[in-house]
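As structure tokens, the structure follows; a few thoughts come after it.
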Amino acid sequence: MRMKNLLVPTLREVPAEAEITSHKLMLRAAYIRKLAAGIYSYLPLGLKTLKKVENIVREEMDRAGANELLMAALLPAEAYQASGRWEVFGPSMFKMKDRYGRDFCLGPTHEELFTQTVIDEVRSYKEYPMTLYQIQTKYRDEGRPRFGLMRGREFIMKDAYSFDLDEAGLDISYKKMYDAYCRIFERLGLDFTIVDADSGAMGGSGSQEFMVKSPVGEDGIAYCDACGYAANYEKAACIPQDADFEDGDLALEKILTPNAHTIEELVEFLGTKPHVFAKTIIYKADDKYIAAMVRGDREVNEVKLKNLVGCTDDLELAAPSVVRELTNAQVGFAGPIGLSIPVYVDLEVEKMRNFVVGANETDYHYKNVNIHRDFEPTVVSDIRIITDGDACPVCGKPIKTAQGIEVGHIFKLGTKYSDALGLTYLDETGVSKTVVMGCYGIGVTRCLAAAIEQGNDDNGIILPVSIAPYEAIVIPVNAKDEAQMKLAEEIYESLKAKGIDTLIDDREERAGVKFKDADLIGIPLRIVVGKKAADGIVEYKLRKDEAPSEMTVNDAVESAEKYIKENR
């Protein structure tokens, strides 16, 4: 491809809307352009790179024995209503009615539709096992679309679904997808970690996430170097930690704590430490209100709490007016004693003695509170977020934490959707049994963003050969110099003849502009034809290296061919 014919409107300035490196660079490098919040168009370079990501995903899915198809994106409500997820997705689902008043949505995910396809098309148990997949645009009305392709309202996803006769078959299908995912992310050049995860609205018995460690990741990862345990914050089990408390059951006492609404203010006012407090937080869970209690130096894990309570809609903090109505106090003074709503207590709170809680009266707290004596919890369970240094739930050694970008997620769905929709089969003896399912997703667009988060420098994007928009670029320093242009054209044609996806910068621009654009858009290999063209000498440079080297034309072409083929 010739730069003169390519739409590459690169930007020198960083767009004000961009917050993270990948978003800034994809806008500057003319990969994407924003249409609305969370909605982007792909310009030629971005689309070309995205297609390369898709092809790697497709090749590995096919290698694992999966069948590709393509579902509609505009979907009728009935299947989601049958599974119960029409309500579960809540405001995240784009819903609409057609001209006849029938309910439809833009597909956020396709478990129900794939299940229905198998119901309609598979006739015998002998056709199992099978795995079906598609690469398609999904739609979710994110409340806070942000970070470019990281969290959008429209995104490209690979979703796959396995169908087996039993759990043993599911284990085999799941392992095939697990291995395929490892190969995919390795080929994409991603440094990834596999963690145990919460299944969320997808349901099922277990799941794992493929995470790319990054400070801009929206997911927390807890991991143990000693035993290899790794889990998403939403899933990571917390072992109750011991803390110092006064011995014996001291008498309950109400104390004046004027204007001390927060743990920090209470610590300063009472001259003590955060772990002697238990904070009570009131949530709205579906159509009811609940209270959650964790130690003062801990945070509530809302995913664990939501799963424990069993609410189908989003769990959200109660409005201040509701808190005042339920506690008869200003926000910051809620406590479990005398509270009329269910109280869910973290495991660590049960280990506490003579601790401090809100008194449900403005400017007052209780001290010397003891669980079971002064109040009875509805449920005691692990409802907190794991923190750095906590004990590993497997080996007990200190946990480490990091932020990560979720690029893939695999689920053991079991019979959640086959039960809901009636996907059964008659076995060889004529007995009706339920098909067992798995679900496997990859965020294709997010993979591209994650690769750029990991691969960049001050000059721009550094992508692996496997997904770079072009594998090599030939740059004549002076496009008006006939000798330079002639040699550049010869090198360009030689590289193309060897099957290398090559770009030639034939623009009448200054050399510095060409070099900056080549680095910005992330071309892995650069051959520069300059003043020594008449001597058959060129500059050869890999994007990841700092300095170029001089070579003969033949050596440069041979080196390029070897490097590209070894790194595809």
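The values are calculated or read from the model by the stated rules, or taken from the named source; none is laboratory data. Bear in mind that the values here come from a model prediction, so they are computed numbers and not experimental data. Using ideal geometry, Cβ is built from the backbone for each residue, glycine included, and neighbour counts are taken over all protein chains shown. When the accessible area is computed, the model is the full protein with side chains, heavy atoms only, and any ligands, DNA or RNA have been set aside. Shrake-Rupley method; radii C 1.70, N 1.55, O 1.52, S 1.80 Å.
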Name every residue in the range 268-297 that is in contact with a Cys (Cβ under 8 Å, 6 or more places away or on another chain) and over 25 Å from ILE341 (Cβ atoms), in order of residue number.
none
Cβ-Cβ below 8 Å, separation at least six or inter-chain, first residue in the range 331-353 and more than 18 Å from LEU266 (Cβ to Cβ), second part of a helix (DSSP H, G or I) and of a type in the set (D, E, K, R): which pairs?
none
Wholly inside the range 430-511, strands (runs of 3 or more DSSP E) that include 2 or more residues that are buried (at least 24 other Cβ atoms within 10 Å of the Cβ) are 436-443, 472-476, 502-504
Filter the range 373-397 for residues that are free of Cβ contacts under 8 Å to residues at least 60 places away in the same chain and touching a Gly at 6+ places or on another chain (Cβ under 9 Å) and give the result.
PHE375
Determine if the range 133-151 includes at least one residue that is over 23 Å from GLU167 (Cα atoms), under 23 Å from the mean Cα position of the chain (by Cα) and free of Cβ contacts under 8 Å to residues at least 12 places away in the same chain.
yes
What strands (runs of 3 or more DSSP E) lie completely within the range 130-241 and have 1 or more residues being open to solvent by 30 Å² or more (accessible area, probe 1.4 Å), at negative phi and touching a helix residue (DSSP H, G or I) at 6+ places or on another chain (Cβ under 6 Å)?
154-164, 192-196
Sole miss for ASN55 among (1) within 30 Å of ALA420 (Cβ to Cβ); (2) without any contact (Cβ under 8 Å) to a residue 12 or more places away in the chain; (3) out of contact with any strand residue (DSSP E or B) (no Cβ under 8 Å at 6 or more places or on another chain) is condition (1)
Only one residue in VAL323, VAL357 is buried (at least 18 other Cβ atoms within 10 Å of the Cβ), outside any helix (DSSP H, G or I) and within 37 Å of the chain's Cα centre (by Cα), so which one is that?
VAL357
Restricting attention to the range 21-37, which residues are in a loop (DSSP other than H, G, I, E, B), modelled with pLDDT of 95 or more and not hydroxyl-bearing (Ser, Thr, Tyr)?
ALA29, ALA30
Could you tell me whether LEU7 is free of Cβ contacts under 8 Å to residues at least 12 places away in the same chain and open to solvent by 40 Å² or more (accessible area, probe 1.4 Å)?
no
ILE56: passes all of (1) over 20 Å from the mean Cα position of the chain (by Cα); (2) part of a helix (DSSP H, G or I) but (1)
Spot the failing condition for LYS367; the list is (1) in contact (Cβ under 8 Å) with a residue 24 or more places away in the chain; (2) of a type outside the set (A, V, I, L, M, F, W, C); (3) open to solvent by 50 Å² or more (accessible area, probe 1.4 Å); (4) part of a loop (DSSP other than H, G, I, E, B), and only one is missed.
(4)
Just one listed residue, out of GLU121, GLU111, is surrounded by fewer than 19 Cβ atoms within 10 Å (Cβ to Cβ) and either acidic (Asp, Glu) or free of Cβ contacts under 8 Å to residues at least 60 places away in the same chain (or both), and it is GLU121
Looking at the range 518-561, what strands (runs of 3 or more DSSP E) fall wholly within it and have at least 1 residues that are on the phi < 0 side of the Ramachandran plot and surrounded by fewer than 20 Cβ atoms within 10 Å (Cβ to Cβ)?
537-542, 549-552
Given the criterion open to solvent by less than 40 Å² (accessible area, probe 1.4 Å) and closer than 22 Å to ALA231 by Cα, identify the matching residue among ILE386, ILE337.
ILE386
